[in-house]
Structures are given as C-alpha cells and as structure tokens.
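Working notes for the structure below.
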Amino acid sequence: QVQVVESGGGLVQPGGSLRLSCTASGSFFSIANMGWYRQAPGKQRELVAVITSLGGTSYADSVKGRFTISRDNAKNTGYLQMNSLKSEDTAVYYCNLNHRRTGREYWGQGTQVTVSS
C-alpha cells in the first residue's frame, strides 16, 4: 500500500518559518507531480504549491515569494519551506501525489500549521 506522511507542522509566530516534509512509500515518487494543499477552518481546500516530476513549480498568489516547494527523489520526500508566515497561513496542510501515468492520487493525513503570537 502507498503511504504518504506529512510532518513538520506546529505553532509558529508571525514572521517565522517552518519546513513541511512529505514522505511517500512506493517507487513512483519520481514520476509523480506533488502538490501541497491547505484547508483552514470554514474554508475550501486550496492548492498552495505544485512541483512537477520535471521540477517545474507553481504557487498560489497568496504564498508566492514566501513559500518554496522542492523535492528529493532519492529520499522519496518533498518539502514546503514556509517563510514570513502570517496568521492567514494557519491551516491543515496536505501533501498530494499524482501518478502521471495512471492518474491515481495519494493523500497524506495532513499536518497542522498554526501561526499565532
């Protein structure tokens, strides 16, 4: 079975930084597109950032310039570096892997990020 596990969330003050990790089992990681999503209370889940299997990246306007998505295929791990955090970034962050050949998607259980003073 494929397992996707996020880690690195926690409580941070405004202006602080966190790095989230997404580790996946299976041999398909290198050919999967990886996305970070977040869902705040009472809001729809939104796409935060995407990195393709070829390394191309895209960001939501709300995080562009502050967040950086990356991946280390040798470790089956993706990352979301979050800097200059704002209270509006508070949400549960989810990692999603999309197998480009099969179209199957795999989700982690999420990690809570709380930005508060």
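Details
- Accessible surface of the stretch 4-86, 1.4 Å probe, proportion on carbon and sulfur as whole %: 49 percent
- Evaluating 6.51 cos²θ - 1.76 cosθ + 1.60 at θ = phi - 60° for every residue in the stretch 91-101, the Karplus couplings come out as 4, 8, 9, 10, 9, 10, 10, 10, 6, 5, 7 Hz, glycine and proline recorded as x.
- Local charge for K43 was computed over the other residues whose Cβ lies under 13 Å away, with Lys and Arg +1 and Asp and Glu -1, and equals -1.
- Amide H to amide H distances under 5 Å link F67 with N83, where only residues 5 or more positions off or on other chains count and H is placed in the peptide plane.
- The label-point distance for A74 and S87, in a model that sets each label 7 Å from Cα toward Cβ, rounds to 4.3 nm.
- Å² of accessible area per residue within the chain, as computed with a 1.4 Å probe and no ligands counted: 54 Å²
- Chain lengthening between R104 and Q39 when straightened (0.36 nm per residue, less Cα-Cα): 21.3 nm
- Within the chain, the ratio Rg/Rh, alpha carbon atoms throughout and Rh by Kirkwood, equals 0.96.
- For F29, net neighbour charge (Lys/Arg +1, Asp/Glu -1) across residues whose Cβ lies under 15 Å away: +2
- Across the stretch 42-56, coupling constants 3J(HN,Hα) worked out from phi with the 6.51/-1.76/1.60 Karplus curve, θ = phi - 60°, read x, 10, 6, 5, 10, 7, 9, 7, 9, 10, 7, 4, 8, x, x Hz, and Gly and Pro carry x.
The values are calculated or read from the model by the stated rules, or taken from the named source; none is laboratory data. Computed from a predicted model, the values in this text were never measured in an experiment. For neighbour counting, all protein chains shown are included, and Cβ atoms are generated from backbone atoms with ideal geometry for every residue, glycine included. Only protein heavy atoms, including side chains, enter the accessible area calculation; ligands, DNA and RNA are left aside. Shrake-Rupley method; radii C 1.70, N 1.55, O 1.52, S 1.80 Å.
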